[in-house]
Amino acid sequence: MGILIGGLAGWITGYFFTGIVSGAVIGGLFYLLKGKSNGEPVERSEEANHQKFDLKEEELDIRKKRVVTGDVKVRKEVVETEKTLKIPVKREEMVIETADEEEIRIPVKEEEVHIRKQPVKIAEVDVTTEQVEEMKTIKAPVKKEVLDIDVSGDADVKENNENH
């Protein structure tokens, strides 16, 4: 914000580059006085050399959604097979025992087999779906902020590894 204001002031006065530099200095001072970085407050102690950083880590947000993975067609099919059955059939045979030659007519009968087909229920089939729960392992990379401390010279650094 300070760079914009300084650049605008420098452009109006004819010293654009000087205005940007002075705007950057004003912006830096504004940052130090307000103590904000990207809109997030940074805690400062009463000592000017003590600061706290908020370290962040990504969390996974797992959601489930029902999707169609396929379909199943169930239908009845007629299959023809041949059955062989043995059925007793009765018939009459004529036995004539006479001594004279007289003609006698007697009707002779026999059973005749007729086939009639009719459907008979042999089974009942229920078709349903059921839910089965299983555990799936999901892997996803997540990012985490860690402190990176560069020490130059003979600076004495004492680390407290509680939160990093």
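Every read-out reported here was derived from the displayed coordinates using simple, explicitly stated rules and does not represent laboratory data. Bear in mind that the values here come from a model prediction, so they are computed numbers and not experimental data. In this analysis, Cβ positions are derived from the backbone assuming ideal geometry, glycine residues included, and neighbour counts consider all displayed protein chains.
Remarks
- Theoretical FRET efficiency, 1/(1+(r/R0)^6), r = Cβ-Cβ of Asp126 and Thr69, R0 30 Å, to 0.05: 0.85
- Point-to-point label distance, Thr137-Glu103, nm (Cα→Cβ direction, 7 Å offset): 10.2
- Entries of Lys52/Lys143; Lys56/Lys139; Lys56/Lys143 with Cα pairs more than 18 Å apart: Lys52/Lys143; Lys56/Lys139
- Net charge over other residues, Cβ less than 14 angstrom from the Cβ of Arg91 (K, R count +1; D, E count -1): -3
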